[in-house]
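Each remark here refers to the structure printed beneath this line.
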Amino acid sequence: MPTFYLTTPIYYINGKPSIGHAYTTIAADILARYHRLCGDEVFFLTGTDENSQKNVEAAQKIGRENDMQGYLDEMAGRWKATWKDLEITTDRFIRTTESDHLNAVEKFWKTVETKGDIYKGTYEGWYCKGCEAFVNEGDLVDGKCPNHLTEPARIKEDNYFFRLTAYRELLLHYIEEHPDFILPKSRRNEIVSYIKDFMTDISISRSSVKWGIAVPGDESHRIYVWFDALINYLTGVGYGTDEKQFEKWWPAQLHLVGKDIIKFHCALWPAMLLSAGLPLPKHVFAHGFFTIDGQKMSKSLGNVIDPLDVVQIYGNDVLRYFLLREIRFGEDGDYGHARLEERYDSELANELGNLVHRVCTMTEKYFGGKIPAHTPHDISVAIKTYHMGLEMFAFHDALDAIWSLVREANLLVEQKKPWVLAKEEKTEELAQTLYTLLELVRVIGVLLLPFMPKAAQTLLSKLSASPASNVTLDDLLVWGQLAPGTLITKGDPLFPRRETTT
Ligand code: ME8
C-alpha cells in the first residue's frame with residue numbers, strides 16, 4: 001500500500017487558533033481524507049510549537065511565567081479540542097515539549113555537529129520576536145518588521161551557528177532537478193533568489209533565553225526555536241525513537257505551509273536534512289494569505305476570526321467548502337461572511353441542495369422511490385480533472401470538476417423536463433433521465449467526501465449508497481453502481497435555504 005505522510009506547520013500557542021490556522025489544517029485534512037479514500041496509507045501530523053519566546057511572553061502577560069508547562073498543557077489542549085471540533089482527522093498531534101521530540105532534537109543536533117556543520121561565533125543583529133527570526137536591516141520599514149509592525153530588538157550574542165551556506169549549491173541543484181519540490185512555481189523563484197543572493201549562515205542557539213531545549217553538552221544555550229520546530233516532522237514518525245516507523249514514513253510527501261514561513265521550509269529545513277544525510281520531502285506547498293473583509297487579520301485590529309464561531313453558524317462542511325472554493329489554493333485571497341453566504345445560497349442551497357432534493361422527489365413521484373434501470377454515461381473528464389487537481393493541490397480545480405457535474409445534472413433536468421416526459425408517458429426516456437441524474441448525484445456525493453464529509457455521507461445515505469470502508473475512490477467512481485429497484489430516502493434538504501431578514 002503506498003504511503004502518504006503530510007504535515008501542517010506546528011502552531012505557536014500564544015493565542016487560540018484563528019481561521020488562518022484552520023485554513024492550512026482543513027486543506028491538509030481534505031488531502032488526508034482524499035488519499036485514504038484512494039487506498040493510500042496516510043499519516044497526518046499537526047501540533048504545537050512550544051519552545052517559543054512568544055509563548056513565554058503570552059504566559060507572562062497572564063502571570064503564569066512560573067508555570068510554563070501548565071500554561072502550554074492548557075493551550076495545547078485548547079488547540080487539540082478545536083481540531084477535534086473541526087473534525088480534523090490527524091494521526092498524531094505533536095508537541096515540541098514531548099520527550100521523544102527532545103530525543104530527536106538531540107540526535108539531530110549531534111549528527112549535524114559530527115558532520116562539522118555547527119560552529120561557534122558571535123552574532124549581532126535585529127531580532128523580531130513575532131517572526132522568531134533575525135531580520136535584515138534592509139527589510140525593516142521605518143525601523144519596524146513589515147510583518148509584525150513592531151521594532152525588532154538589537155541582539156549581540158555568542159551563538160552556535162549552522163553552516164547553511166555550505167549547502168547553497170546543493171540546494172540550488174536539488175531545486176533545479178526537482179521542479180515539484182517547491183510549489184507553487186512562483187514561490188520557487190522567490191526561494192531560488194533568496195538562496196542565491198541573500199542566504200547566510202544562521203545562528204541556532206540563544207544564551208539569553210531560558211525556555212527551550214538545551215544545546216547538547218552546553219546547558220547555557222537553548223536551541224533556536226525554528227531549528228527545534230522543524231525537526232518535529234521527523235519526530236512525528238519515529239526519528240530517534242522508532243527507526244522502523246521512521247523508515248516507513250520518511251520522507252514526507254508534503255509539508256503544507258503558509259507563504260510566511262517558506263524560507264524556513266524551503267532553505268533551512270532541506271539544508272538541515274542534507275547535513276543530517278536524510279532524504280528531502282517530496283513537496284513543500286506554500287499557500288497564500290487571506291485578509292478579512294480586505295484587512296490584514298491581526299489581534300490589534302480585533303478582526304481575528306475564530307473558526308468555531310463560523311462553524312457554530314454554518315457548520316464544518318460549509319466552512320471547508322467556502323475556504324477552498326473562494327481562494328485559489330496558492331494565491332492570496334479574502335474572507336468575508338457576506339461572500340460565504342452568497343456562495344451558500346447560490347452554490348450549496350440552490351445548485352447542489354436543490355438538485356439532490358429534486359432528483360429524490362422525482363424518483364418518489366414517478367418510480368415510487370425506486371431507482372430505475374441502468375443507463376450508461378461518461379463522466380471521465382470531470383473525474384480526471386478532480387484527481388489531477390487534488391494530486392497537485394489545486395483544490396479549486398477539483399471543486400470546479402465537481403460543480404461541472406452539478407451543473408450538468410441541473411441542465412439535464414431543465415432540458416429533459418421529466419415532468420413533461422411523465423405527462424407524455426415517455427417512460428423509458430424518463431427512466432433513463434432519472435437514472436442518469438441519480439448516478440450523477442451519487443458520484444457528486446463520492447467526490448465531495450474529502451471536502452464536506454458530513455454532507456456527502458448524508459447525500460449518499462439518501463441513495464442507500466453509503467460507501468463500505470474498504471472500497472477505494474476509483475471503485476466508487478465506476479459509473480452505474482446504483483442498483484435498480486433500490487429504495488431511496490428523500491429526507492430533509494441537504495443545505496436548507498437560509499431565512500433572510502429582508
Ligand atoms: O509560523 N492566511 O506558527 P504560526 C493563511 N510555529 N494562512 C494563515 C493565516 C492567514 N491569514 N494566518 C495564519 C509558525 N496562517 C511556526 C511554524 S513549523 C515547523 C513552525 C497559517 O502559529 C499559515 O499556515 O505563526 C501560516 O504559515 C501559519 O498559520 C503560521 O502559524
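The values are calculated or read from the model by the stated rules, or taken from the named source; none is laboratory data. Keep in mind it's a predicted model, so treat the numbers as computed, not measured. Every residue, glycine as well, gets a Cβ built from its backbone with ideal geometry; the counts of neighbours run over all protein chains shown. When the accessible area is computed, the model is the full protein with side chains, heavy atoms only, and any ligands, DNA or RNA have been set aside. Shrake-Rupley method; radii C 1.70, N 1.55, O 1.52, S 1.80 Å.
Of everything in the range 23-43, what is touching a Phe, Trp or Tyr at 6+ places or on another chain (Cβ under 9 Å), not in a helix (DSSP H, G or I) and not aliphatic (A, V, I, L, M)? Give them in sequence order. Of everything in the range 23-43, those that are touching a Phe, Trp or Tyr at 6+ places or on another chain (Cβ under 9 Å), not in a helix (DSSP H, G or I) and not aliphatic (A, V, I, L, M) turn out to be Cys38, Asp40, Glu41, Phe43. So for the range 173-182 (the condition being β-branched (Val, Ile, Thr) and either within 16 Å of the ligand (Cβ to nearest atom) or in contact with an Asp or Glu (Cβ under 9 Å, 6 or more places away or on another chain) (or both)), does at least one residue qualify? Looking through the range 173-182, at least one residue is β-branched (Val, Ile, Thr) and either within 16 Å of the ligand (Cβ to nearest atom) or in contact with an Asp or Glu (Cβ under 9 Å, 6 or more places away or on another chain) (or both).
Gly491 passes every criterion in (1) on the phi > 0 side of the Ramachandran plot; (2) open to solvent by less than 10 Å² (accessible area, probe 1.4 Å) apart from (2). May I ask you to verify whether Gly288 is open to solvent by less than 50 Å² (accessible area, probe 1.4 Å) and either within 11 Å of the ligand (Cβ to nearest atom) or touching a strand residue (DSSP E or B) at 6+ places or on another chain (Cβ under 9 Å) (or both)? It is true that Gly288 is open to solvent by less than 50 Å² (accessible area, probe 1.4 Å) and either within 11 Å of the ligand (Cβ to nearest atom) or touching a strand residue (DSSP E or B) at 6+ places or on another chain (Cβ under 9 Å) (or both).
Scanning the range 34-47 finds one or more residues that are away from the ligand (no atom under 13 Å from the Cβ), in contact (Cβ under 8 Å) with a residue 60 or more places away in the chain and under 13 Å from the mean Cα position of the chain (by Cα). Being within 37 Å of the chain's Cα centre (by Cα) and open to solvent by 10 Å² or more (accessible area, probe 1.4 Å): is that true of Thr472 here? Yes: the conditions hold for Thr472.
Glu190 passes every criterion in (1) within 16 Å of the ligand (Cβ to nearest atom); (2) in contact with a Ser or Thr (Cβ under 6 Å, 6 or more places away or on another chain) apart from (2).
Checked against the criterion of being open to solvent by less than 10 Å² (accessible area, probe 1.4 Å) and in contact with a strand residue (DSSP E or B) (Cβ under 8 Å, 6 or more places away or on another chain), the candidates Leu301, Leu268, Leu324, Leu319 yield just one match: Leu268.
Looking across the range 225-251 at every residue that is of a type in the set (S, T, N, Q) and surrounded by 24 or more Cβ atoms within 10 Å (Cβ to Cβ), the one that is farthest from the ligand (Cβ to nearest atom) is identified as Thr235.
Of the helices (runs of 4 or more DSSP H) lying entirely inside the range 224-281, the ones with 1 or more residues being small (Gly, Ala, Ser) and within 23 Å of the chain's Cα centre (by Cα) are found at 225-230. Each residue in the range 1-17 was checked for being open to solvent by 10 Å² or more (accessible area, probe 1.4 Å), within 10 Å of the ligand (Cβ to nearest atom) and part of a loop (DSSP other than H, G, I, E, B), and 2 pass.
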